[in-house]
1. Identify, please: which residue in region 63-120 is hydroxyl-bearing (Ser, Thr, Tyr) and open to solvent by less than 80 Å² (accessible area, probe 1.4 Å) and is, among those, nearest to GLN51 (Cα to Cα)?
2. Among the numbered conditions (1) assigned to a loop (DSSP other than H, G, I, E, B); (2) open to solvent by 100 Å² or more (accessible area, probe 1.4 Å), tell me where ILE154 comes up short.
3. Which count do you get for residues in region 65-108 that are in contact (Cβ under 8 Å) with a residue 12 or more places away in the chain and in a helix (DSSP H, G or I)?
4. Within the set of pairs 6+ apart or on separate chains, which have a first residue in region 110-121 that is outside any helix (DSSP H, G or I), a second that is surrounded by 10 or more Cβ atoms within 10 Å (Cβ to Cβ) and modelled with pLDDT of 95 or more, and C-beta atoms under 7 Å apart?
Amino acid sequence: MKKDENKIENDDRLIIEQAKPVEKAQPEQPEPEQETAPEEQPSFKEVIEQQATEEEAPQSSNLTLRQILGGDLLLKRFIRDQIWVIMLITLFTIIYISNRYSCQQDLIEIDQLQKDLQNAKYKTLSVSSELTEKCRESHVLELLKNNEDSVLKIPNQPPYIINIPE
């Protein structure tokens, strides 16, 4: 048991020793003089320009998936120069899609209205045929015979025309 405990303590020491931060030896740099002339220090604009050109250093000519997914593609100067064109194309694409959707909705509504019109025509035709059937002379005579309290009778004499001189 004591051997196991000693082994565990030695392992803990080993882990602690491995976990200690390694101090890097840095070369000694002379401290900058505090009385430097402002002409020697680059301006803020120059520093920004220098950083921008450092970021734009030419990389490999072929694109890798890692560069695309990492966003390195968006840092390229060409993309940054053409961002307004890309946004304009995106806007036109959105307008195109919305216009197409609107047209499809209109076509669906037109089809529905044509079906409604066709149904209305069929209904009008059927009602018209029913009315024609009920207005026939034979049907009217049959209704008069069946209805005994009616004062209307079938005339025995043919109709005659009265001419009025002008």
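The values are calculated or read from the model by the stated rules, or taken from the named source; none is laboratory data. Keep in mind the model is a prediction, meaning the values are calculated, not measured. Please note: Cβ atoms are built from the backbone with ideal geometry, for glycine as well, and neighbour counts cover all protein chains shown. Ligands, DNA and RNA are stripped out before the accessible areas are found, and what is left, the full protein with its side chains, is counted by its heavy atoms. Shrake-Rupley method; radii C 1.70, N 1.55, O 1.52, S 1.80 Å.
1. Looking only at region 63-120, we keep the residues that are hydroxyl-bearing (Ser, Thr, Tyr), and these are 64, 90, 93, 96, 98, 101-102.
With the extra rule that they be open to solvent by less than 80 Å² (accessible area, probe 1.4 Å), the set shrinks to 64, 90, 93, 98, 102.
Values: THR64: 24, THR90: 30, THR93: 35, SER98: 42, SER102: 48 Å.
Looking at residues that are hydroxyl-bearing (Ser, Thr, Tyr) and open to solvent by less than 80 Å² (accessible area, probe 1.4 Å), I get THR64.
2. Going through (1) assigned to a loop (DSSP other than H, G, I, E, B); (2) open to solvent by 100 Å² or more (accessible area, probe 1.4 Å) one by one, ILE154 breaks only (2).
3. 3
4. Listed by first residue and then by second, the contacts come to nothing, as the list is empty.
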